[in-house]
Amino acid sequence: MASPNSTFTEMVTTTLRNHPNEISDNVSANNALYSRLKSKGQIKTLSGGYEIVRPLDYAENSTFQRYSGFDTLNVQASDVLSAAKFDWVQSAVHVTASGREMRQNSGKEAMINLVEARVKNAKRTAANNMAIDIYSTGALTNQMGGLGHIVTSAGTGTVGGINSTTFDFWQNNFFECTATPTSSNIKGFMQSMWLELVRGSDRPDLIVASHDMYGYFWDSLTDLQRYASSDTAVAGFDSLKFVNADVIFDSNSNFGTTAKIMYFLNTDYLEVVSHRGANWTMLDEKTSINQDAEVIPMIWMGQMCCSNRSLQGKLIDEA
């Protein structure tokens with residue numbers, strides 16, 4: 001008869017065989033930003049590298065000229081490309097059981113219940129913390145540099161190894177409300193922010209708002225018929241529309257209770273990158289040398305990346 005330890009390990013392994021997709025599904029089901037990135041193919045994997053490198057097309061080619069006949073042409077080299085480099089960060093969650101628990105649940109049905117409970121908890125924990133980190137400033141030790149790090153209130157900061165105070169092409173846009181936001185003036189402030197972020201066909205496709213700002217915008221539409229985006233609605237998130245962008249309130253965004261913020265995002269230039277060998281990958285079980293317990297780790301290694309900060313914006317009220 002198999003020991004409780006081996007039965008527990010075998011059942012967890014079988015249950016979690018497809019766990020990366022399950023955790024990804026859990027995150028996207030509880031986080032509108034992650035859901036948008038996933039739907040646009042912006043959740044990606046890499047096989048390795050010391051850092052995550054993302055090329056930047058940051059300047060126009062300086063050799064463009066209008067000429068006539070035998071005019072001398074400008075053939076000087078143009079420095080138009082650079083790269084942002086993002087450090088890998090790591091996370092882990094563990095499915096654990098003590099020897100006492102495994103022996104108490106050694107019957108097949110009881111063991112199934114134990115495994116289901118522990119696996120469900122591990123997946124929920126991983127999903128919840130990923131949903132938090134995607135909005136984070138990266139201030140916690142080994143935390144992903146999320147939206148709060150990439151799109152700042154002053155537009156500045158060092159992101160991807162590039163100091164935007166030195167290289168202003170790498171600053172995100174921001175607009176501070178010129179008066180206290182209300183349902184009467186919120187659309188005017190949003191329009192001002194929006195116009196700063198339009199570059200040809202490039203424009204924001206997602207606006208993430210704090211409690212108050214979402215409420216002001218919603219109230220401003222009271223007399224209008226409102227439609228949610230079908231894609232966002234199908235994904236389970238209520239949304240309003242501003243021009244062609246979905247406007248959402250995301251409870252995972254960690255806004256302070258008094259924060260008045262709207263992120264204007266062009267998600268074509270945002271992505272979450274995972275390492276192919278650590279994409280919520282399950283490692284071999286570990287047996288403690290000084291405890292009667294079994295531990296099965298799942299690990300993730302990756303980072304949130306941006307390839308164009310200037311097309312990201314933040315509407316704020318600092319009053």
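The values are calculated or read from the model by the stated rules, or taken from the named source; none is laboratory data. All values reported here derive from a predicted model rather than from experimental measurement. In this analysis, Cβ positions are derived from the backbone assuming ideal geometry, glycine residues included, and neighbour counts consider all displayed protein chains. Heavy atoms of the whole protein, side chains included, go into the accessibility calculation; ligands, DNA and RNA do not. Shrake-Rupley method; radii C 1.70, N 1.55, O 1.52, S 1.80 Å.
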*Along each of its three principal axes, how wide is the spread of alpha-carbon positions in the chain, in whole angstrom units, largest first?*
89, 57, 34
_Can you sort Tyr67, Tyr34 by solvent-accessible area, 1.4 Å probe, largest first?_
Tyr67, Tyr34
*Keeping all protein chains in position, work out how much accessible area His211 exposes to a 1.4 Å probe, and write it in Å² to the nearest 10.*
100 Å²
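When ligands, DNA and RNA are left out and all protein chains stay put, how many square angstrom of accessible area per residue does the chain have with a 1.4 Å probe?
Numbers: 16740 Å² over 319 residues.
Per-residue accessible area for the chain comes out at 52 Å².
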*Comparing Arg66, Arg276, Arg309, which has the greatest mean-square fluctuation in the GNM of the chain with Cα pairs linked when under 10 Å apart?*
Arg66
*asked:* For the chain, what is the number of Lys pairs with C-alpha distance below 17 angstrom, counting only pairs 8 or more positions apart or on separate chains?
replied: 5
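Once fully extended, how much extra length lies between Thr180 and Thr125, figured as 0.36 nm per residue of separation less the alpha-carbon to alpha-carbon distance? Spell out each step's value before the answer.
Values: separation 55, 0.36 × 55 = 19.80 nm, distance 3.78 nm.
Going from the current span to full extension adds 16.0 nm.
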*If R0 is 41 Å, what FRET efficiency do you get for Lys108 and Thr158 from their C-beta distance, rounded to 0.05?*
0.15
_I want to verify a result. In a Gaussian network model of the chain, Cα cutoff 10 Å, which of these has the top mean-square fluctuation: Gly48, Gly148, Gly200?_
Gly200
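Hey, any idea what % of the chain's accessible area is carbon plus sulfur with a 1.4 Å probe?
The computed percentage sits at 49.
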*With a Cα-only, solvent-free Debye model of the stretch 266-319, what are the log10 I(q)/I(0) values at q = 0.13 Å⁻¹?*
-0.58
*What residue among Leu265, Gly302, Trp280 has its Cα farthest toward the positive end of the dipole of the stretch 265-319, where the charges are +1 on Lys, Arg and -1 on Asp, Glu, each on the Cβ?*
Leu265
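Quick check: with the 1.4 Å probe, what order do Ser153, Ser47 take by accessible area, largest first? Write out the running numbers ahead of the final one.
Working: Ser153 40, Ser47 90 Å².
Ranked list, largest accessible area first: Ser47, Ser153.
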